[in-house]
Amino acid sequence: MCIRDRYRRLPVLRGDELVGIVTSVDMLRYIIENDFSFDALDEDLAFVYKTDVYTIEKDLDVVEAIKLMKEKDIGGIIVVDKKRLEGIITERDVLEEIE
């Protein structure tokens, strides 16, 4: 799904709670580390995703998101409304807006 639909980052939820983020690079690395074994794909996603997720409130200016992405050297940031997932903004989104 990530590659086919061109998603490079997906939030990971447990119920309504944001618990992590998984990237296409994380998935590819996991597959390679497991010698391309299809059995590894049946494992829990907890082995793949990162729990260090940066978020920004949806009512903040996009400039704040850009500053945070630059400061943390990340390509995307999760957008929340009082801790409820609203979406994600990426460097591609920013570039498409200024074109």
Every residue from the stretch 1-15 that is open to solvent by 40 Å² or more (accessible area, probe 1.4 Å) and modelled with pLDDT under 85: M1, I3, R4, D5, R6, Y7, R8
Members of the stretch 64-99 that are among the aliphatic types (A, V, I, L, M) and modelled with pLDDT of 90 or more: A65, I66, L68, M69, I74, I77, I78, V79, V80, L85, I88, I89
Exclusive hit being open to solvent by 60 Å² or more (accessible area, probe 1.4 Å) and farther than 21 Å from V80 by Cα, set D39, D52: D39
Where a residue in the stretch 55-66 is closer than 12 Å to V94 by Cβ and small (G, A, S) and its partner, wherever it lies, is modelled with pLDDT of 90 or more and surrounded by 13 or more Cβ atoms within 10 Å (Cβ to Cβ), with Cβ under 9 Å and at least six apart: A65/I56; A65/I77; A65/V79; A65/I89
From the options V62, V25, V79, residue that is open to solvent by 60 Å² or more (accessible area, probe 1.4 Å) and touching a helix residue (DSSP H, G or I) at 6+ places or on another chain (Cβ under 9 Å): V62
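The values are calculated or read from the model by the stated rules, or taken from the named source; none is laboratory data. Predicted model only: the values in this text are computed from it and were never measured. Neighbour counts run over all protein chains shown; Cβ positions are idealised from the backbone, glycine included. Only protein heavy atoms, including side chains, enter the accessible area calculation; ligands, DNA and RNA are left aside. Shrake-Rupley method; radii C 1.70, N 1.55, O 1.52, S 1.80 Å.
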